[in-house]
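See structure below.
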Amino acid sequence: MASSPTDRPEPQYFDSFDGKRIAWYEMGEGKPLVLIHGYFSDAFTNWIRYGHAAVIAARGFRVIMPDLRAHGSSAKPHDAASYPPDVLMRDAFALVEHLALSNYDLAGYSLGGRTVMRMLANGATPRRAVLSGMGYQGIIDTHGRGRYFRNVLTNLGSFERGTTEWMTEAFLKTTKGDPQALLRILDTFVDTPPATIAGIATPTLVLTGVEDHDNGSGAELAMALPNGSFREIPGNHMNAVMKPELGTEIANFLAA
């Protein structure tokens, strides 16, 4: 049992659509929010450690935070069959079904934001959605960013200290990531066409660090959404998750 809102709580588990065990954490009571972390990360690192989940929960939300497949306390299989296209989206839908959620919100950071987009593109109808740490290019051309991570995961230990690749590898070490399982995740990415984005009616906030250009333009993504809005917070792609503004902006948008 966590003794403070930033301690690591005990996970809960369910079996996803294919029987793989997926972990999730909860904080708070009220309107359900499914909050999805980024690549190489986990629910604790992305949402609990820096207080974002507590800030959102304090605004009257039941914050539900899964560990993505191949991340955190969830299953990390190595076989290709466990990583079909859009598997993260399917896991998220399975969690929604498992918890019998009907009137809920969706939010995610980076890969979590892309997973939210894939849910919206495949019929999810949340009350509101937040795409944080994500831009237009990262939605319509997932393999561009995927090539960067594939290079990191297949060349571990070879990067010069201080480079972006070296820092990405250092983050992998802090979260005790499984390189083989994470490499499989890259095979699951599915692009979302512009026409599909243009058909998503859910009120959606696009939220990025002012120095975050890793996945293209957040402003462009917000403009492509019929009911999109755009906000910037301090930081780049790696450190915006440490800024209190991330949780505050998500909470403000969802509670409005």
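Here, each number is a calculation from the coordinates, and none is a lab measurement. Keep in mind that this is a model prediction, so the values were computed, not measured. All Cβ positions, glycine included, derive from the backbone under ideal geometry; neighbour counts span all protein chains shown.
Placing +1 on the Cβ of every Lys and Arg and -1 on the Cβ of every Asp and Glu, with nothing else charged, gives the chain a dipole about its Cα centre of roughly 200 debye. As a calculated quantity, the FRET efficiency between Gln180 and Ala100 at R0 = 25 Å, using C-beta atoms, amounts to about 0.15. Sorting Met27, Met167 by the number of Cβ atoms found within 10 Å of their own Cβ, with the fewest placed first, yields Met167, Met27. For an R0 of 35 angstrom, estimate the FRET efficiency from the Cβ-Cβ distance between Asn227 and Gln12 and round to the nearest 0.05. Efficiency computed from Cβ-Cβ geometry: 0.60.
Relative protection proxy for 93-102, 31-40, from highest mean packing down: 31-40, 93-102 (other beta-carbon atoms within 10 angstrom). Once the gyration tensor of the Cα atoms in region 12-255 is diagonalised, the equivalent ellipsoid follows with semi-axes of 24, 21, 18 Å, ordered largest first. Annotation for region 1-30 versus region 126-199: alpha-carbon center distance of 23 Å. Maximal additional length on extending the Thr154-Arg127 stretch stands at 5.7 nm, based on 0.36 nm per residue less the C-alpha distance.
For Lys76, the lysines whose Cα falls under 18 Å of its own Cα, not counting residues fewer than eight places away in the same chain, are Lys20, Lys173, Lys176.
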